[in-house]
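None of the figures in this text is laboratory data; all of them are computed from the coordinates on show. Because the structure is predicted, anything quoted here is derived from the model rather than measured. Here the Cβ positions follow ideal geometry from the backbone for every residue, glycine too, while neighbour counts run over all protein chains shown.
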Ligand SMILES: NC(=O)c1ccc[n+]([C@@H]2O[C@H](COP(=O)([O-])OP(=O)(O)OC[C@H]3O[C@@H](n4cnc5c(N)ncnc54)[C@H](OP(=O)(O)O)[C@@H]3O)[C@@H](O)[C@H]2O)c1
């Protein structure tokens with residue numbers, strides 16, 4: 001039962017974290033979310049039974065303090081960009097490997113036994129991208145911890161406030177044509193609500209202890225199909241022009257000059273492996289994921305107050 005469980009939700013202010021926080025409080029849990037920027041994320045406290053705490057979880061002793069008394073810890077922290085390095089750059093190392101080590105140490109020091117961890121589909125030590133290699137080393141930290149762990153590895157996640165389909169929607173509204181790198185890369189997008197419910201299920205279903213799950217939606221699309229679909233939904237059916245690999249890297253180099261780049265060279269390398277689940281991958285029991293078409297129009301076309309304020313906040317960098 002989730003009711004009255006005390007959950008420390010690390011990374012709970014992000015896209016997945018906000019959805020998961022809602023699912024957890026709907027189940028009756030009490031959720032503590034640390035953030036580096038309280039003011040920016042203050043709206044999370046609109047959810048009942050959520051405590052938002054400004055803290056730098058990398059500081060010594062902070063995670064121990066936060067984990068004390070928790071029934072479970074969930075780690076969602078992830079970054080998409082890093083300085084380059086081998087096998088991965090320092091920001092990937094810090095967020096995906098060193099932080100999990102600190103979280104494991106904090107759980108051990110405070111006798112928290114249950115740890116849920118977010119990885120990524122096809123994380124692997126020999127994967128082509130730094131992101132996926134660092135996620136694999138993070139998984140190894142979690143599985144070697146001696147704690148009762150569950151790991152989730154989703155394909156790309158969609159839902160209200162996602163940074164994937166919403167970014168394409170913005171670009172499609174702004175530009176008359178859409179030059180697109182990795183247009184034929186394949187994805188099996190999964191709904192954020194389904195991902196959030198899988199995490200919540202793991203907190204109440206002992207059969208999910210010690211397991212790792214690949215999470216994919218019901219259908220495979222190329223990136224080009226996703227962009228074209230997004231254009232059709234929002235009423236901007238732009239022409240999508242696939243770029244050669246060389247041009248895709250050039251485009252990523254230009255975009256990396258932006259403050260929040262939508263694409264990097266490392267992202268392109270991640271897309272060398274199709275983000276698609278194998279037919280015999282392990283999924284949570286009762287897994288029945290929602291199709292993109294049932295969910296995306298609801299938030300892409302949402303022009304209500306909440307969506308407008310979210311848009312203003314994002315434009316203001318807040
Ligand atoms: N979104 C996807 O399509 C997708 C697909 C597969 C896997 N994943 C994985 O799912 C997880 C959640 O993704 P998301 O899209 O929700 O990410 P997000 O929106 O970027 O949120 C990231 C969260 O991590 C925290 N964070 C980031 N860097 C941190 C750092 N250096 N120290 C402390 N906290 C830090 C942020 O907290 P504050 O800024 O509030 O401190 C924020 O709450 C990540 O691990 C990601 O790799 C995502």
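Shape verdict for the chain, please, from the Cα gyration tensor: rounded (a/c under 1.5), prolate (a/b greater than b/c) or oblate. The partial results should precede the final answer.
Working: a/c = 1.56, a/b = 1.40, b/c = 1.11.
In terms of gyration-tensor shape, prolate.
Principal-axis analysis of the Cα atoms of the chain puts helix 245-255 at an angle of about 70° to the longest axis. Placing dummy labels 7 Å off each Cα toward the beta-carbon, the span from residue 273 to residue 167 is 2.0 nm. Shape verdict for the stretch 79-135, please, from the Cα gyration tensor: rounded (a/c under 1.5), prolate (a/b greater than b/c) or oblate. Verdict is prolate for the stretch 79-135. Taking a ≥ b ≥ c as the square roots of the eigenvalues of the Cα gyration tensor, an a/c ratio of 1.5 or more together with a/b no larger than b/c marks the stretch 29-171 as oblate.
Taking the C-alpha atoms only, the angle from helix 192-204 to the longest principal axis of the chain is near 20 degrees.
For the pair residue 207 and residue 257 in one chain, pulling the backbone fully straight at 0.36 nm per residue adds 13.4 nm over the alpha carbon distance.
Centroid-to-centroid, using Cα positions, the stretch 2-38 and the stretch 196-213 are 16 Å apart.
Among 28-36, 291-299, 236-244, 63-71, how do they line up from the highest to the lowest mean number of other beta-carbon atoms within 10 Å? Please list the in-between numbers first.
Values: 28-36: 20.7, 291-299: 16.1, 236-244: 14.4, 63-71: 18.2.
Top of the packing list down: 28-36, 63-71, 291-299, 236-244.
Relative to the dominant Cα principal axis of the chain, helix 15-26 is inclined by about 50°. The length gained on full extension between residue 71 and residue 42, counted as 0.36 nm times the residue separation minus their Cα-Cα distance, comes to 8.0 nm. If you take the Cα centroid of the stretch 236-305 and the Cα centroid of the stretch 136-175, the two points sit 11 Å apart.
Please work out how much length the chain gains when fully extended from residue 239 to residue 105, using 0.36 nm per residue of separation minus the C-alpha to C-alpha distance, in nm with one decimal.
Gain in length upon complete extension: 43.2 nm.
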